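Student: Before I ask anything, here is the structure I am working with.
Read-outs throughout are calculated quantities, based only on the coordinates presented, and are distinct from any laboratory measurement. None of the values given here were measured: they were computed from a predicted structure. In this analysis, Cβ positions are derived from the backbone assuming ideal geometry, glycine residues included, and neighbour counts consider all displayed protein chains.
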Amino acid sequence: MSKKFERVYSGAPWEQKVGYCRAIAAGDLIFVTGTAPVTDDGGVFAPGDATAQAARCLELIERALEQFGVDRTTIVRTRMFVTDIARWQEFGDAHAAFFAEHHPATTMVEVSRLIADDMLIEIEADAVR
């Protein structure tokens, strides 16, 4: 039995350089790659603002999901990689506001750094359609 995979790309230059897609659907499962807080032109979104950066990551994740015909309510798991775990409440505020009553399972872990020094968070998401 062959599996059907669907891929979407954001157009970020890293996708081709590193060899990945923004999101991939494997049947009813959708996996959104680590999503950084970037502006539409590739810059860092809201440097220093943990809540705004987390919200931006989630907005970009939903943008990818919409290409598969689903939205945030189908997300079942998120993974947040943060550069300062002491700011967990700021990241968490954006996460809670975004998901409202559709709480996914989640993990938040501190990492030493992200691809750009001004980035405070990167988020992955898994969804089911």
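Student: Below 15 angstrom from the Cβ of PRO104, what's the summed charge of the other residues (Lys, Arg +1; Asp, Glu -1)?
Tutor: -1
Student: Using the Cα centre of the chain as the reference point, and only Cβ charges (+1 on K/R, -1 on D/E), how large is the resulting charge dipole? Debye, rounded to the nearest 20.
Tutor: 580
Student: Using the alpha-carbon atoms, what tilt in degrees (0 to 90, nearest 10) does helix 50-66 show relative to the longest principal axis of the chain?
Tutor: The angle comes out at about 10 degrees.
Student: Please give the helix 88-99 orientation as an angle from the longest Cα principal axis of the chain, in degrees from 0 to 90, rounded to the nearest 10.
Tutor: Relative to the chain, helix 88-99 is tipped by roughly 40 degrees.
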